[in-house]
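Beneath this line is the structure, given in structure tokens, with notes to follow.
The values are calculated or read from the model by the stated rules, or taken from the named source; none is laboratory data. Everything numeric in this text was worked out from a predicted model, so none of it was measured. For neighbour counting, all protein chains shown are included, and Cβ atoms are generated from backbone atoms with ideal geometry for every residue, glycine included.
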Amino acid sequence: MTVTGNSRRSVIALALALTLRAGMALAEEPALTLRAVTVGEGAAATRLTLELFRWSTDAERAPLLTAIAPPPPPSPPAAAGPAGRGAPAAGGGRAAQAGRGGRGARGGAPASPVDRLTTAVKAAPTVGFLWSDGITGHSIKYAWRTPGVGAPDRIILVTDRRLGAHAPGWAAASGPLADADFTVLEFRLDAKGSGEGKSSLTANVAVDATAQTLALDGYAAAPPLLKVSR
């Protein structure tokens with residue numbers, strides 16, 4: 001009887017410990033919660049909620065940065081051969097053709113930066129979700145913020161789908177990435193957590209080499225898409 005009682009008490013203690021641990025996990029605050037509403041001419045007012053579990057690590061962000069990085073500079077021309085002509089490339093003429101065509105004479109054109117970024121976004125781990133008026137959420141695959149403390153806070157997120165893809169007129173999408181199968185969002189927030197957000201629906205995407213992050217190219221000139229509040 002004593003052994004049975006001790007075993008029972010051990011099971012009860014373990015169950016209580018697991019319950020407490022689960023409760024603590026549920027009580028953990030998300031890394032970021034933002035609430036926003038769409039703004040701008042021709043955009044129906046749509047409420048959005050963004051919630052991050054965590055920020056992306058440097059290793060998780062690296063493939064997305066590499067995807068749209070400019071190609072390396074071309075190799076210098078080969079030294080002249082005995083007859084005054086350039087030395088043939090290893091493998092004969094096919095090597096030169098592969099260099100110009102990216103995938104060789106038999107392959108198609110090399111993947112565009114948009115295609116490479118799309119692939120990298122899909123492969124990245126989910127670090128949060130974005131919901132719009134109760135519609136099924138978009139996965140957030142990239143999350144970066146200005147390091148340190150200060151205002152305005154700069155936050156950049158990337159979703160795995162184009163915002164408003166199933167809602168014509170949701171936003172006036174006219175930029176070079178308007179039809180891309182992802183959306184880059186860049187926010188500027190004040191110390192109270194209010195501010196605005198812009199997107200790749202109306203702006204191009206580039207690498208901010210100083211901050212080492214994806215960013216909207218020409219953020220200041222892009223029209224606002226979201227009005228943000230905490």
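Worth a mention:
- Tabulated pairs, segment 217-230, first within 10 Å of residue 186 (Cβ to Cβ) and assigned to a helix (DSSP H, G or I), second modelled with pLDDT of 90 or more and among the acidic types (Asp, Glu), C-beta under 8 angstrom, 6+ apart or interchain: 219/186
- Scanning segment 203-216 for residues that are part of a loop (DSSP other than H, G, I, E, B), closer than 17 Å to residue 62 by Cα and hydrophobic (A, V, I, L, M, F, W, C) turns up 209, 211.
- Taking segment 175-202 as the range and being among the hydrophobic types (A, V, I, L, M, F, W, C), outside any strand (DSSP E or B) and either closer than 14 Å to residue 164 by Cβ or modelled with pLDDT of 90 or more (or both) as the test, the residues that pass are 177, 178, 180, 182, 201.
- Within segment 115-129, being of a type in the set (A, V, I, L, M), in contact (Cβ under 8 Å) with a residue 60 or more places away in the chain and under 19 Å from residue 216 (Cα atoms) holds for 117, 121.
- Qualifying residue in segment 132-141 (condition: assigned to a strand (DSSP E or B), crowded, with 21+ Cβ neighbours inside 10 Å and either of a type in the set (A, V, I, L, M) or at pLDDT below 70 (or both)): yes
- Evaluation of residue 188 against (1) out of contact with any Gly (no Cβ under 8 Å at 6 or more places or on another chain); (2) basic (Lys, Arg); (3) surrounded by 18 or more Cβ atoms within 10 Å (Cβ to Cβ) (one fails), failing number: (1)
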